[in-house]
Every structure is written in C-alpha cells, then in structure tokens.
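> Questions regarding the structure given below will be posed in turn.
Where a number appears in this text, it was derived from the coordinates with a stated rule and is not lab data. On a predicted model such as this, the values are computed, not experimentally measured, just so you know. Counting neighbours? That spans all protein chains shown, and the Cβs are built from the backbone with ideal geometry, glycine included.
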Protein chains: 2
Amino acid sequence: MFAEYAIISVMKEKTIKTLADIAKMANVSQSTVSRALRNNPLVSQKTRDFVQQLAQEHNFSVNATASKLRTQKTHTIAVIVMFDQNTEQSISDPFLMKLLGTIADELTKFGYDMLLTTTKTATGDWNNYYFESRRADGLIIVGQGEHDPRIEALASNNVPFVVWGTEFANKNYTTIGSDNRKGGYLAVKHLIDKGCKNIAFMGDIEHNELEQRWLGYQDACAEAGLELEPTLRLKTDLTSNDGYLQIKNYLEGKHPKIDGIFAVSDTIALGVMKYLHEQKVAIPEEIAIIGFDDIAMSAFSSPSLTTVRQNTTTAGELLVSKVLKKIENKPIESKLLEVELIVRQSSEQT
Amino acid sequence: MFAEYAIISVMKEKTIKTLADIAKMANVSQSTVSRALRNNPLVSQKTRDFVQQLAQEHNFSVNATASKLRTQKTHTIAVIVMFDQNTEQSISDPFLMKLLGTIADELTKFGYDMLLTTTKTATGDWNNYYFESRRADGLIIVGQGEHDPRIEALASNNVPFVVWGTEFANKNYTTIGSDNRKGGYLAVKHLIDKGCKNIAFMGDIEHNELEQRWLGYQDACAEAGLELEPTLRLKTDLTSNDGYLQIKNYLEGKHPKIDGIFAVSDTIALGVMKYLHEQKVAIPEEIAIIGFDDIAMSAFSSPSLTTVRQNTTTAGELLVSKVLKKIENKPIESKLLEVELIVRQSSEQT
DNA sequence: GGCACCTTTGCAAACGATTGCAATATTTTT
DNA sequence: AAAAATATTGCAATCGTTTGCAAAGGTGCC
C-alpha cells in the first residue's frame, strides 16, 4: 500500500514537465510562465517570483529543444578537433587539450554549450551536419592541419566559424593563430645566440602552421648569415615517438653534425631528449634543444625544456568571442597572437 | 545586373530549408519526404531514391532540433569532466584527456553527439540542466573526484548516467573504473620485490580512487610484513608541480629515509623525478619510483617511468555502451577494469 | 468485372516552447 | 468620476519534424 502511494506520487511528479503544467498550477497562462521564467519585465515582479518558485519546487526546466526550435537558436558551438589520420597524434595532444579547455570555459561563460567532435570520426560534411541541421549556431575548428577542403566548403556556405591556424593569403575565412613564423625565428635565433651553428628542424612542413615555423627558422639563419642546409630538416610527426625515431635515424646515419635542434612541438622535443639521454649526449652542451607550445611537462623534464609559448588563454577567448560575433553577423578579422620565448635548461648551460 | 541575379539565386537556394520545400519540389507530401530521407521501407524505392537525390542536390539537412522535439530523443550524451577546484589540475590532465578521446570516438560510432562540460564552469544542477531540459539523453561523468553530492542527486532523479570512478558500498548508481586497489598493490609489491623497504605514497586519499590505491599500498605492505609508517604518506595534488614540491618538502625536512615512491599519477611522478634529478638522487638506485596511468609521456622521461596502466580504450567503450543501455532502460552493472604493471627504468636497474 | 489484399501516399495532430498582438486590469491624469 | 495612459496578462500562431491512421492506387484471383 505504502509502496503504491510512493509510486503514484513519483509518477505525478513526472507529469509536471511542460510550461502548460506549471501554468495550470499557477493559474496563469502559458505565455506568462514562459515570460516569468525568463525574467521578462512584461510580467509583474510578483507573478515572476511566484512562478519561478513554483518551477523550482517542481524541479521544472524549460525544454531546451522546444525552445531552440522556436527561437531558431541553439546556443551551441560545435568544436571540431582535427587530427592527422596517419600519425598517432591523438586527442591527448597536450597543447590542443589545453586550448580545448579554455574554449570550453569561455563558451560556458557566454552561456553556450559545446558540442565536441574529433575529425577521425566526424562526418565529412560539417556544413550539413552541424549547421544546416541546426545542431550548432557556429563552429570552431582546431587542429594543426593541412589545408582542408572541408573548411573551404564551410566558407562558401556562409557558416559562422573560425579556425585555429595559419592565415592564408587567399583566405576567405577567419583565422586565429600564433605568430608561428616569429616563434620559429625566436627559437632559432636563440639557439644561434647560444652558439649553435648547425641546427636541425624537426617537423612536417606540410602542416601550414609548421611551415611558418620553418620560415621563421630560415629568417633567423639568413639574419645570422648561416647557410641553409636542406638535410637538416627532418620530417617528423607531432609525437614523442616520432621525435625519438627521427633523431635516432639521423644521428645513426651518416649526416652532417648538429649542435642544436628546433623541434616544432614540445612532445617531439621530449622524444628527442629521450634518445639523446640514452646516447649520453649532453644537453645543451653538445646539442641544445628547443621546443614549441610550452606544455605543462616541459618545465618538468630533465633538463627542463626551452620552448616557445603559445598563449592558449587568449587563443580560446578570441576563438569564442569571434565566432559569437560572427553569429551576430558582425564583421570579424583574423588575428595573429604573440608568442613568447621561455628559456630553460635545454638551451642554457647552468 | 549580374550581381543582382547572383544574389537572387543565392537567396532562392537559402529558402530551401524544410521538408515542405523538398516535398513541393518533389511533388509529394511532407510525410513521404520525411520517410524517404530516413529510408523508411514504407515508401517505394523509386521515390526514396528520387527524394534523397533531390535533398542532396539542394544541400538539405533535416532540422535536428525539430526532429529531437518530435521524437523526444536528442541522441546526445553530456560528458561532464570534474576537476578539483583547488588544484591546478586542468582539462589538460593527460589521462582524462585520453579517456575523453575514447569516449568521443565511441559516441560518434553509435551516432551520438557529445556535449562537453567541465565542472569548473558547469551549473550545479546537472539533472535540470542536462536531462530535464532535454539537452542530452544521458550523462557520463569523469574525473577523479571526491564524493560529489550532485551525483547522488542524479541517482535519485532517475537520470541515465554512468560514472568513471570507484564503486562504493552503498552506491545506487553505476560505476566503471580501474581496479585501483589492485593497481596500488601491484605497484607497491613491485617496489618491494625490487628491494624497497621504505616506500612513500604520494597522493590525496580524499579522492575515492586514490584512497583505493592507498589501500592497495597497505595490502602489499602487510603481505610483505612491512609496518605502516604514517609519515610516509604525502598528501599531493594531481600535478607535476605539487609532486615536485611535496617531495622537496619531505626530503629537505627531517623525515625517515625512503628508498621508493609510489605516486598516484604519472604527472606527480614526473614532478618528483624532476626534483630527484636536481638533487642528483639516483633513480632507481637510491630511490625507485612508480607512477599510475601510463600517460604518453611516461615512456619518454629519463629514466622512463614504471607505472600502472589503466585501460582507457575499454573504459571509454564501457562508459558509452553502458549509458546507452541505461537509456534503453536495460539494467546495467558496475565494472572494475584490470590494470597492468608496466615496468620501465625508474624501478629497474639496467 | 468485382473483390480482397498489399503497397504507397497524404492528412493532420502532436512535440513544447516563444511572441506579436489584442484584451484586460491598474494607475494616472484631468 | 470619466478618460487616458500604462502595466499585466492571455490568445493563438509558429518553429520543422514525425507518425498513426485513413485514403488511394495496384495487383492478383475467381
């Protein structure tokens, strides 16, 4: 008997699920409830308080789906994380994750939800899946990627979106990204200042951002009057593992001597250091090394890793604020973010 | 003139946005279009093909919001990542990120979208925000957390959800988690086997999962007849930074000597190793060290880090499959996952 | 040809909120 | 005290799908 009562009471509670239910209880119209819950000044303070309290008591939440349908706004941003299909670089790439975290925080700050997808699994047609189908009001695309036709498709479909990456000459969309060329320049100039003469570049210049860092490398070399030695560029995926392998291959083979390494990411650099350790190569005395990103780990390696810091906080803030502006149809511009050289032990003898 | 035509044509294209539009073009009813696009066998193959092609040509996607409203299913799972408010442990915690990646992949495999939130910014009322308001069909909660009242609230509200973490005695919800106690046991037993007699435990046993690892520590000690020395437990946050600081404090102060360290996470362990390096303490000769998680970096530290691997892949798969089952109202059970000892240099003299 | 029986299609009612406009209550002004 | 102005409320249409049910179109059988 008691059990039955309990069930009935639960069921009753479960039926209170729509504005209309609350309206009936409050003896006002549905519209009034709707307005009251949104704090619309059209309804008197008294009714507002009353309705809000009633809703709270009954644990009522407005159905977001219905609201979205009616208002034609989802208050959701789809964040697409692109990864290279071939490498093992996974969603755990520390730099991207940090960025993702900032974006998440920033979006919630503006009352937006975040729909997350990784490219590996995403459908090919972002425009249709996310925008046309009204799953999201806008898109943020991150990931150190190569030129992706899907992005072009978005641009031509008039979807509000911003990209984390490099600015292109003939871009027709908005890009937020670090000043990679300057970063590369700073890194290599630093090594040169420390006396390095033969500096390896480790990274894959097929990626647009990394190509910029390569250009920065060249800038610094040119400035110092160092000649460009093509064999010093080692194509390397963005993983510690590949960093380890590539430097191993290089040093084991018959190649020009090197006294410095610019790795395009800290993860690569840490892999490289692993190998150098194994081979008892002194860092930085024999080979100095510098990374890129300033991931959390870099301060805790031994020796700690000199690197070029990307400003993830500003990055996240800008990505979000720009895409929201774009949604409001305001004009937005691409932006290059400053980078900062962080000198640690891997390039500086103590 | 030409420009005007162009604009008009664009506008025209933009008006094709609903089933009704397609229906008109195809000269069939809305219902037929709806069925055709979902490949419903009720409509003839011919019409299906025709309508589908028409839709594709016009770049039409069904409005997901309307569909959700009508079907009362969102095909979305909210993933809530909890972080300790006090520590700096951020969304970039490598282990959680790895887990998140698996969850993301797994969800898309089942055609579900993933709504991501971090606790720091999330509203307090998960039930209302995500479930009652129909933003998601179910929830997955991850994060090495302390006992959280919000989880209890979910359970009593009959929301479909699963938690990554520890199973409790009086749990009334489903939990997927590693066998932390066994992991702790394996770790410490390993150190003991290697000859360690005074093993520090670094972690915060306020966290349920970590408490289990602490119990495992005790199991191993008891088995080996080692007496439990309370001062050997160093309360440490899940960051490299705190690992560094805590071991520094300990070793600088007047404390019992130690010859082994069990850190509850690899990030802590890496911070610890940093300090030991600085102090020229030989690893593992003077102090052996073992971590937990097996994050990517652990294989690339010097020395490489012995650790207890958590199976993120299975974890992600289970979390997803269980929550989906729960949504279908099928009964689900908690599950403890096997862990694996990964022996590397930090505990094994070469 | 008439009848029963499948296939295919279309009608129209939901799903649950929001909102322009009209209607009613309340206050202010004269 | 009536008129005008303002503050509150409610009506009803709408957002774009999905789906039970009824209707129409086809086929085969006697």
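> Rank the residues A:His75, A:His255 as a footprinting-exposure proxy: fewest other Cβ atoms within 10 Å of their Cβ go first.
Going from least to most buried by this count: A:His255, A:His75.
> Does segment B:13-70 classify as rounded, prolate or oblate by the C-alpha gyration tensor (a ≥ b ≥ c root eigenvalues; a/c under 1.5 gives rounded; else a/b over b/c gives prolate, otherwise oblate)?
oblate
> A further question on this structure: Just to check I understand the Karplus step: with θ = phi - 60° and J = 6.51 cos²θ - 1.76 cosθ + 1.60, what whole-Hz values come out for segment B:314-330, glycine and proline as x?
Computed from phi, the couplings for segment B:314-330 are 4, 4, x, 4, 5, 4, 5, 5, 5, 5, 5, 5, 4, 4, 7, 6, 7 Hz.
> How far is helix B:180-193 tilted off the main Cα axis of chain B, in degrees rounded to 10, range 0 to 90?
30
> Step through the residues of segment A:128-134 one at a time and calculate ³J(HN,Hα) from phi using the Karplus curve (6.51 cos²θ - 1.76 cosθ + 1.60, θ = phi - 60°), rounding each to whole Hz and writing x for Gly and Pro.
Values per residue, Gly and Pro as x: 5, 5, 9, 9, 4, 7, 6 Hz.
> Okay, moving on. Taking the Cα atoms of segment B:202-350 alone, what are Rg (to one decimal) and Dmax (as a whole number) in Å?
17.3, 58
> Another one. Starting from the amide H of A:Phe161, placed 1.01 Å from N in the peptide plane, find each other amide H under 5 Å away whose residue is 5 or more places distant or on another chain.
A:Leu139
> Give me, ordered by chain and number, the residues 5 or more places off A:Met202 or on other chains with an amide H under 5 Å from its own placed amide H.
It is A:Leu234, A:Phe262, A:Ala263, A:Val264, by chain and number.
> On to the next question. Where the Cα atoms of the protein assembly as shown are projected onto their three principal axes, how long is each span, largest first, in whole Å?
The principal-axis extents, from largest down, are 79, 75, 54 Å.
> Taking the label point 7 Å from Cα in the Cβ direction, how far apart in nm is B:Glu278 from each other copy of itself, listed shortest first?
Between copies, matching label points for B:Glu278 lie 2.8 nm apart.
> Rounded to the nearest 0.05, what FRET efficiency do A:Glu57 and A:Ile342 give with R0 = 56 Å and r taken as the Cβ-Cβ distance? Could you check?
0.55
> Which entries in B:Lys73/B:Lys322; A:Lys274/B:Lys257; A:Lys189/A:Lys274; A:Lys182/B:Lys274; B:Lys194/B:Lys254; A:Lys17/B:Lys68 show an alpha-carbon gap greater than 21 Å?
A:Lys274/B:Lys257; A:Lys189/A:Lys274; A:Lys182/B:Lys274; B:Lys194/B:Lys254
> May I ask you to list the aspartates and glutamates whose Cα is less than 18 Å away from that of A:Lys330, ignoring any residue fewer than eight positions away on the same chain?
A:Asp137, A:Glu317
> May I ask for the distance between the Cα centers of segment A:228-289 and segment B:312-350, given as a whole number of Å?
First find each Cα centre; the distance between them is then 35 Å.
> Kirkwood Rh and Cα-based Rg: tell me the resulting Rg over Rh for chain A, rounded to two decimals.
My calculation of the ratio gives 1.15.
> Over chain B, with a Gaussian network built from C-alpha contacts below 10 Å, which listed residue (B:Pro303, B:Pro284, B:Pro149) shows the highest mean-square fluctuation?
Judging by the Gaussian network model, the answer is B:Pro149.
> Can you give the FRET efficiency for A:Glu333 and B:Asp193, using 1/(1 + (r/R0)^6), R0 = 60 Å, r = Cβ-Cβ distance, to the nearest 0.05?
0.45
> Run the numbers on chain B and let me know its relative contact order in percent, using alpha-carbon pairs under 8 Å that are six or more apart.
Normalised by residue count, the contact order of chain B is 15 percent.
> Check the straight Cα-Cα distances from B:Lys171 and name the aspartates and glutamates below 15 Å, setting aside those fewer than 8 residues away within the same chain.
Within the straight-line limit of under 15 Å, B:Lys171 reaches these aspartates and glutamates: B:Glu146, B:Asp148, B:Glu152, B:Glu209, B:Glu333.
> Give the long-range amide H neighbours of B:Thr119: residues separated by 5 or more places, or on another chain, with amide H under 5 Å away, using H modelled in the peptide plane at 1.01 Å from N.
Counting only residues 5 or more places away or on other chains, the set is B:Val81, B:Met82, B:Phe83.
> While we're here: In nm to one decimal, list the spacings between the B:Lys257 label point and its equivalents in the other copies, with label points set 7 Å along Cα to Cβ, shortest first.
Taking the point 7 Å beyond Cα along Cα→Cβ, the inter-copy spacings are 4.4 nm.
> Still on this structure, please answer the following. Spelling out what I want: for every residue of segment A:60-73, take phi, set θ = phi - 60°, compute 6.51 cos²θ - 1.76 cosθ + 1.60 (Karplus), and round to whole Hz; glycine and proline get x.
8, 10, 4, 5, 5, 5, 4, 4, 4, 4, 5, 8, 6, 9
> Separate question: Can you compute the helix-only [θ] at 222 nm over the protein assembly as shown? Use -39500 (n - 2.57) per DSSP H run of at least 4 residues, normalise by all residues, nearest 500 deg cm²/dmol.
Computed mean residue ellipticity for the protein assembly as shown: -13000 deg cm²/dmol.
> Sticking with the crude label model, points 7 Å out along Cα→Cβ, report the distance from A:Gln279 to B:Asn249 in nm, one decimal please.
For A:Gln279 paired with B:Asn249, the spin-label model returns 4.2 nm.
> Treating the point 7 Å from Cα along Cα-beta-carbon as the label, what are the nm separations from A:Ser156 to the other copies, to one decimal?
5.7
> Could you identify which residue out of B:Asn158, B:Asn27, B:Asn241 has the top mean-square fluctuation in a GNM of chain B using Cα springs shorter than 10 Å?
B:Asn27
> Cut-off under 19 Å on the C-alpha distance; same-chain residues fewer than 8 positions from A:Lys280 excluded. Which aspartates and glutamates are left, in chain and number order?
A:Glu252, A:Asp259, A:Glu348, B:Glu278, B:Glu285, B:Glu348
> GNM on chain A, C-alpha springs below 10 Å: top fluctuator among A:Glu286, A:Glu278, A:Glu328?
Its mean-square fluctuation being the largest, the pick is A:Glu278.
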